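This report refers to the structure that appears directly beneath it.
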Amino acid sequence: MPYLGSEDAVRELRRALSNPNVQSDQLRYRNTVLKAIRAMSQGVDVSDLFSEMVKACATVDIVQKKLVYVFLCSYATLNPELSLLVINTLRKDCQDPNPMVRSLALRNMTNLRLPSLVEYVEQPLAAGLRDRAACVRRVAVLGWAKLHNLQPDAEIDAAVVNELYGLLRDPDPVVMVNCLRALEEILKKEGGVAINKPITHHLLNRLKESDVWGQCEVLRILQRYHPQSEDELFDILSLLDASLVSPHPPVMAATLGLFLGLCSGLPAVSLAALERVRGPLLAACGSTSRETRFTALCHIQLLLRSLPGLMGAHYKRFFCGYAEPAYIKQRKMQVLVELVNDENVAMLLDELKGYCTDVNPETAQAAISAIGRIGRSYSDRCLEILTGLLGLKQEHITSAVVQTMCDLVWVCPQCSDTVCSALEGCEEMLQDSQGRQALLWLLAAYGERVSSAPYTLEGFIDRVRSEASLGVKMELLTTTMRLFLCRPSETQDMLGRLLHYCIEEEMDMCVRDQALLYYRLLHCGIEETHKVLHGQRSDPSLGVLIGRPAEPINQWAYSFNTLEPLRQAGVETEPASRGSPEHVTFDPKPNTDLSDTLNCSQIEKVNLAGSDGASGFTCSSAKVLAPLSLSLSPALSPEEFEHLWMQRHAEQGAEKLEEEEEDYVCLEERIQFPAIPPCSPQSLQAAMQLVNIQTLAFTPPHTLPWRVYLYTHTHHAHYGSTLVIGELLYIGEASRRVAAVKKGMEDGDVVEGEQEAGLSGRALVRKDGREEEVEVTLKQQPRDDNALKGFLSILTTVLHTLSSESS
Amino acid sequence: MISQVFILSSQGDHLIYKDFRGEAGSDVVSVFYEKVTALTGDQPPVVMSHGDLHFVHVRQGGLYWVATTTSPGSSPFTIIEFLNRFSALVKDYCGSLSEKSVQMNFALIYELLDEVVDYGYIQTTSSDVLKNFIQTEAVSSKPFSLFDLSNVGFFGAETQQSKVAPSSAASRPIQSSRESEIFLDVIERMSVVIGSKGVVLKADVEGEVRVKCFMPSCSEMRIGLNEEFSIGKSQLRGYGAAVRVDECRFHQNVHLDEFHSNRVLRLCPSQGEQTVMQYQLSDDLPSAPPFRLFPTIERDSGGRLLMYLKLRCDLPSKRFVVISALSQELSSPDQSAELKLQNRAIDWKIPRFIGGTQLSALFKLEVSGLSPSSLMEVGPVVLVFELPQLTVSGLQIRFLRLSPVQPAPSQRWIRYVTHSDSYILRL
């Protein structure tokens, strides 16, 4: 931005610079140069002074020299011809007895960034590599990298490269590190500097001599090294152990990055390394610098993806400070959500509740949605807080609460009653479109249970003309349609008005099309409309278990210690809450020992020794399935699972006709499992996870029929891998009898009969002490009978172990 | 790999701009400022990107310190630590960090940058190395005057006055000082959450021992900590009241050979400021938190909100504390209170608070549409304070000795201070 009168200022400066009186007085000369640089850094274009500055360069005053160089490097590209004049002075300075002058000249010679000057620069640079003073060698080494980038197509001088490799043995650690950096740039096309065993060990041995920055650079470059043997790997690891807990966060992060790279095949070692950095990372979270805190928080989020229990005991460290900026508070809340367990949930919710009334609306909304996410595991407590917040009658809070409830109900249908009763009277407080959309969605889903729903809708429809948000209009259409299906008498009139407005007056095409679609749908009859609008809903008694499986480290290791984790602020992956008790108290041992894939031969032994003759399967499978292993990756989301399951269910009819279809097999079995009723979902899930079977959904204990959905991937040495999805179903001895009774009865009072039979049935089980059985339905893709049998035997073992433990 | 480094004032004035690799033009400075100011909320995120260029910035002294890089694989820890270290260097050399001091010393800062970073690679940030290269003298915005040291006893005499180090004495350029002085500061930051029933929910202390050395060359220095100082839960030392911390980290130049036996740290401090030791203590504080609050909140008949706050300071008496309690008739004339509508907070300022005493305040608030649930919105009370000459953990410096071969007699200052990082009292 040119300042007013900048031309005058430049003219004035030029006159002063060329004034012989000024030039003879060193202090005045320096001050005039200083003024020129000041003008430059304020944004004035002082490039016209170039020739005067070139003259000012030839001085004995080092301060003035430095100032002139700052100027020359900024404007050299604009005046390539004049810059040629500087080269002479610079080359002369390269012979100066003072090493500081030599290094200064050399550095600025290469900073001019003029390809035309390369031929003059090469000779002093080559001499610089052999200079006595380390500071000159440092500059010369990087100078070669600068030269190379000036002419990237020029041939690489093998002699220089050799000399740079030789300088890796330089006594000065900065020269050594600069050599690595320069070689990395010069040899970029060949994949960077060669990292072989002698170089690696040389670098590692000299690591301690470097400062923090040098260490980080060396550790980063060593990531490319592949140790030749396991012994060598562990030697390197033990050498680096001290850096892993370094008080300097950059060194700690670089070391951990190297650890994760080296141990990509040894998950147990990587996990142990994550344990080690917990202390330093937590310390970085409490650093005085907010930015360091933020960076540490983002990386803790990464670590938690693989080790959910890592920070469990330290959840208080993630409580928000009062004066912290919003971006740190929001990250902390995301971490807190991950750390919830049975013991700290009350404390955590109390803390989060405090943030809900934060002055910053974004922080408040983040806190509310954090409570919502905890609500997936602890729905009652969270709903209590959320409904309490509605009482505040604050716009942004009400909106956030309604949106959160909307999300929560989707995952936990059992909350719907509380949500429905809380909805009354919310609509006046909702001003923003997202909040109103969420409210409409809730009314559509639970309209029959909210008594005031038609009145609320009426209000919306009356104001539809002034409605600005497209999303709200679309949602309004759908809601009115769905409410019409369950409460036709109350809504018929307003639906007519809404459709009329949307079709006749609405300008937006989307809304109009949607309205037309509904209008035509209604013409097809109420049955048809019902079919389209009321799709299949998930079983409300079936709560989805949110416990996300611990991800393998490799999934995020590539982004560790890069800018990526810090940038995801807006589009972060939704952290799921974990409520399972295995995270309650953090116990590092089992986690570190748990390898990613577990060979099931061990289990086989346990099985044979432990329970004899539990099932006919175990004996036969023992010989078949020696090299079978299970793993959890790639992970399957509940939605994908449901999709696969339903798909397979639908095909089942057709399946019977052509049973020999290759890619898919369905198997139904019964396994004796006496422990069902007392078995808690959490302990079952924990047991399953130990052998790498992921459980996805559960009915709550003590409900009938009792269902569990699970999946895993089998890896067979010879046949490749398959996906197995399965359902455990226990309808109870009682209901089975009922079914029989029901069949027999023609028109009796079924409900009553059911209850009676239920009671007697349960009593019978007790009396007989008969073992109960679960029905197992397994589906596999692609078909692999041996693997499936192997899986079934593992499953059987787990269930038996569990029942023997509980009894 | 750093592409450019620039410093912006909070108004967006370009103070310093240096391009190391020629990968992007100087127009990105304005792009950065637009991005920073366009965002709502109190603080923009640390990392922002513009095309291929990534901006990483920190805020120090009210200025934006920005580094740009083109490789997304750069370590954020390194860049942020570098920017912090660079600003600390500027502070050391210019005396203080402000827009004015940066503007006045731009030549010095360019010189520093030139030595610290070459071609985007960090060369060195050690002041021991840099002092050989830096030639420009710092321009101090406030001339150094003897009046600053008026409360220091002559010839370092141990007067009662001289036990208090001059607060501004440490903030001057390290080069300019002719005195050979060493400041040793023990700084602790408390973050405490006290529940509505007076139960301490969380109490953390982060502490550090900092040395600021004005001597151009300092030989060995020995710092003695309390002998009862212990790390971790299990091991307790001595017979007196134990001083315990959970974790402790030392600067890499600290020699710990005498630490295990005598709790003595040995180091050769370089010129400028450095953190010798950092420690933290969670949950298990040796003493009760220094302040307690007894609030009463009710609605009066006229629809007003009455808040009666009684604040008690449990420190040993005769200690003075500067407090400003944020969030909520005052008992003494030198206090003041102000309603800040923007933050929806009441700012209650207490210039001096004597240990063992109690202060109270009554606030009457007119709230439109007061409902029972409005009471839920009140709070928390946040205390912002500074406790001089006190460490919550009990850490004390037993002695600070310089090796006898010191060229000139030196002034040594030991200062203790405890800040509130976040002292929250729930209502």
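Among B:188-201, B:264-277, A:87-100, the peptide with the highest mean count of other Cβ atoms within 10 Å heads the list, and the full ranking is B:264-277, B:188-201, A:87-100. Per-residue mean of foreign Cβ neighbours for B:101-111 is 3 (Cβ atoms of other chains, 10 Å radius). With a point put 7 Å past each Cα toward its Cβ, work out how far A:Arg463 is from B:Asp347 in nm, to one decimal. So the label points at A:Arg463 and B:Asp347 sit 3.7 nm apart. Computed 3J(HN,Hα) for the range B:10-22, one whole-Hz value per residue from the Karplus formula 6.51 cos²θ - 1.76 cosθ + 1.60 where θ = phi - 60°, is 5, 8, x, 6, 7, 9, 9, 9, 9, 9, 9, 10, x, glycine and proline marked x. What the phi angles of the range A:42-55 give under the Karplus curve with 6.51, -1.76 and 1.60, with θ = phi - 60°, is a coupling list of 8, x, 6, 7, 10, 5, 5, 7, 3, 5, 5, 5, 4, 5 Hz, glycine and proline written as x. Shielding of peptide B:64-77 by partners, expressed as the average count of other chain Cβ atoms within 10 Å per residue Cβ, is 5. Could you tell me which of A:Leu222, A:Ser210, A:Ala283 has its Cα farthest along the dipole of the range A:192-297 towards the positive end, charges placed at Cβ (Lys, Arg +1; Asp, Glu -1), taken about the Cα centre? With unit charges placed on the Cβ atoms, the residue in question is A:Ala283. The candidates B:Ile182, B:Ile231, arranged from most to least accessible area with a 1.4 Å probe in the full protein assembly, appear as B:Ile231, B:Ile182.
Charge dipole (Cα centre; +1 on Lys/Arg Cβ, -1 on Asp/Glu Cβ; no other charges) of the range B:53-125 amounts to roughly 280 debye.
What the Cβ-Cβ distance of A:Cys524 and A:Gln781 gives, at R0 = 35 Å and to the nearest 0.05, is a FRET efficiency of 0.40.
All alpha carbon pair distances within the range A:111-262 were sorted into 5 Å bins beginning at 0; the resulting P(r) in whole percents reads 2, 9, 19, 20, 18, 14, 9, 6, 3, 1, 0.
Pairs exceeding a 25 Å alpha-carbon distance, out of A:Lys65/A:Lys92; A:Lys208/A:Lys332; B:Lys197/B:Lys364: A:Lys208/A:Lys332.
Look at the dipole of the range A:36-107 built from charges on Cβ: of A:Val54, A:Ala76, A:Pro99, the Cα furthest out on the positive end belongs to A:Pro99.
How big is the B/A interface in buried accessible area, both sides summed, 1.4 Å probe, to the nearest 100 Å²? Interface between B and A: roughly 6900 Å². For the segment B:127-133, counting C-beta atoms of other chains within 10 Å of every residue's C-beta and taking the mean gives 2. Of the peptides B:98-106, A:473-481, B:411-419, the ranking by mean beta-carbon count within 10 Å, highest at the top, reads A:473-481, B:98-106, B:411-419. Any idea which of A:Ser246, A:Val335, A:Pro325 is furthest toward the positive side of the dipole for the range A:238-362, if Lys and Arg beta-carbons carry +1 and Asp and Glu beta-carbons -1? Of A:Ser246, A:Val335, A:Pro325, it is A:Ser246. What the range A:382-444 shows is 36 Å² of accessible area per residue, with the surface traced by a 1.4 Å probe over protein heavy atoms. Stokes-Einstein diffusion for the range A:1-77 at 25 °C, viscosity 0.890 mPa s, with a Kirkwood radius from C-alpha pairs, works out to 200 µm²/s. Note every residue of the range A:322-338 with a reduction of at least 50 square angstrom in accessible area, all protein chains present versus the isolated chain, computed with a 1.4 Å probe, or write none. Hits at the 50 Å² cut-off: A:Tyr322, A:Tyr327.
In this Cβ point-charge picture (+1 for Lys and Arg, -1 for Asp and Glu), the range A:301-387 has a dipole of about 280 debye about its Cα centre. Only alpha carbons enter this Debye calculation for the range A:118-173, each as an equal point scatterer, and the log10 of I(q)/I(0) it gives at q = 0.12, 0.14, 0.20 Å⁻¹ is -0.26, -0.35, -0.71. For the range B:1-133, the Cα gyration tensor yields ellipsoid semi-axes of 22, 18, 13 Å (square root of five times each eigenvalue, largest first, whole Å).
The values are calculated or read from the model by the stated rules, or taken from the named source; none is laboratory data. Since the structure is predicted, the reported quantities are computational estimates derived from the model, not experimental observations. No Cβ is skipped: glycine too gets one built from the backbone with ideal geometry, and neighbour counts run over all protein chains shown. We work out accessible area using only protein heavy atoms, side chains counted, and drop any ligands, DNA or RNA first. Shrake-Rupley method; radii C 1.70, N 1.55, O 1.52, S 1.80 Å.
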